[in-house]
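A.B. asks: Got a structure for you, questions after.
The values are calculated or read from the model by the stated rules, or taken from the named source; none is laboratory data. Computed from a predicted model, the values in this text were never measured in an experiment. Here the Cβ positions follow ideal geometry from the backbone for every residue, glycine too, while neighbour counts run over all protein chains shown. Just so you know, the surface numbers come from the protein's heavy atoms only, side chains and all, with ligands and any DNA or RNA stripped out. Shrake-Rupley method; radii C 1.70, N 1.55, O 1.52, S 1.80 Å.
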Amino acid sequence: MAEIKCGDVFKRYERYLGTTTFVCMESLKQSKGYKNEYLLYSTVLSTTGDFYEEMDEVYVTTIRKYGKVGHVEKIGVWGDGKIKYIK
């Protein structure tokens, strides 16, 4: 699980959709449908599948448990037009 905030770069693997890398544009927003479901407004940086297109702006659905975001992996921070990877 990861702590995601605005400007963070994260990736998500989804069965049949491939691995997609996103940059978070807004902080977590709670879904109106479920109490522990949250939405991350993000821009697609790259994808291995054909469900998303690069530079699409989408809401990524995730859960929050113990104060951290699940189903995504934080890989870096977006800055100066490139990803600064976490070591």
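A.B. asks: Are any residues in region 37-49 of a type in the set (S, T, N, Q) and either modelled with pLDDT under 85 or open to solvent by less than 40 Å² (accessible area, probe 1.4 Å) (or both), and if so, which ones?
C.D. replies: So the first thing to find is which residues in region 37-49 are of a type in the set (S, T, N, Q), and the list is 42-43, 46-48.
Those that are of a type in the set (S, T, N, Q) and either modelled with pLDDT under 85 or open to solvent by less than 40 Å² (accessible area, probe 1.4 Å) (or both): Ser42, Thr43, Thr47.
A.B. asks: I'm checking my understanding of the structure. Among residues of region 69-87 that are open to solvent by less than 100 Å² (accessible area, probe 1.4 Å) and over 15 Å from Lys11 (Cα atoms), which one is modelled with the lowest pLDDT?
C.D. replies: Gly81
A.B. asks: Could you tell me which residue of region 1-31 is surrounded by the most Cβ atoms within 10 Å (Cβ to Cβ), considering only residues that are of a type in the set (S, T, N, Q) and either within 10 Å of the chain's Cα centre (by Cα) or modelled with pLDDT of 95 or more (or both)? Give the steps one after another, and end with the answer.
C.D. replies: First, the residues of region 1-31 that are of a type in the set (S, T, N, Q): 19-21, 27, 30-31.
Next, from what is left, pick out any that are either within 10 Å of the chain's Cα centre (by Cα) or modelled with pLDDT of 95 or more (or both): 20-21.
On the way: Thr20: 24, Thr21: 21.
Looking at the filtered set, the residue picked out is Thr20.
A.B. asks: Consider Thr43 carefully, then state whether it is of a type outside the set (Phe, Trp, Tyr), within 12 Å of the chain's Cα centre (by Cα) and within 16 Å of Lys84 (Cβ to Cβ).
C.D. replies: Details: of a type outside the set (Phe, Trp, Tyr): yes; within 12 Å of the chain's Cα centre (by Cα): yes; within 16 Å of Lys84 (Cβ to Cβ): no.
So Thr43 does not fit the description; no.
A.B. asks: Test each condition in (1) touching a Gly at 6+ places or on another chain (Cβ under 8 Å); (2) over 13 Å from Thr19 (Cα atoms); (3) hydroxyl-bearing (Ser, Thr, Tyr) for Tyr38 and report the one that comes out false.
C.D. replies: Just one mismatch for Tyr38, condition (1).
A.B. asks: Right, another one. Report yes if Tyr52 is over 14 Å from Lys74 (Cα atoms), open to solvent by 70 Å² or more (accessible area, probe 1.4 Å) and aromatic (Phe, Trp, Tyr), otherwise no. Spell out the reasoning first.
C.D. replies: Working: over 14 Å from Lys74 (Cα atoms): yes; open to solvent by 70 Å² or more (accessible area, probe 1.4 Å): no; aromatic (Phe, Trp, Tyr): yes.
No.
A.B. asks: How many residues does region 44-87 hold that are among the basic types (Lys, Arg) and either in a loop (DSSP other than H, G, I, E, B) or farther than 27 Å from Gly33 by Cβ (or both)? Steps first, answer last, please.
C.D. replies: Let us first name the residues in region 44-87 that are among the basic types (Lys, Arg), namely 64-65, 68, 74, 82, 84, 87.
Okay, now just the ones that are also either in a loop (DSSP other than H, G, I, E, B) or farther than 27 Å from Gly33 by Cβ (or both), so 82, 84, 87.
The total comes to 3.
A.B. asks: Only one of these is among the hydroxyl-bearing types (Ser, Thr, Tyr), under 10 Å from the mean Cα position of the chain (by Cα) and open to solvent by 90 Å² or more (accessible area, probe 1.4 Å): Tyr59, Tyr34. Name it. If you could, list the steps in order and put the result at the bottom.
C.D. replies: Values: Tyr34 fails: under 10 Å from the mean Cα position of the chain (by Cα).
Residue meeting the stated conditions: Tyr59.
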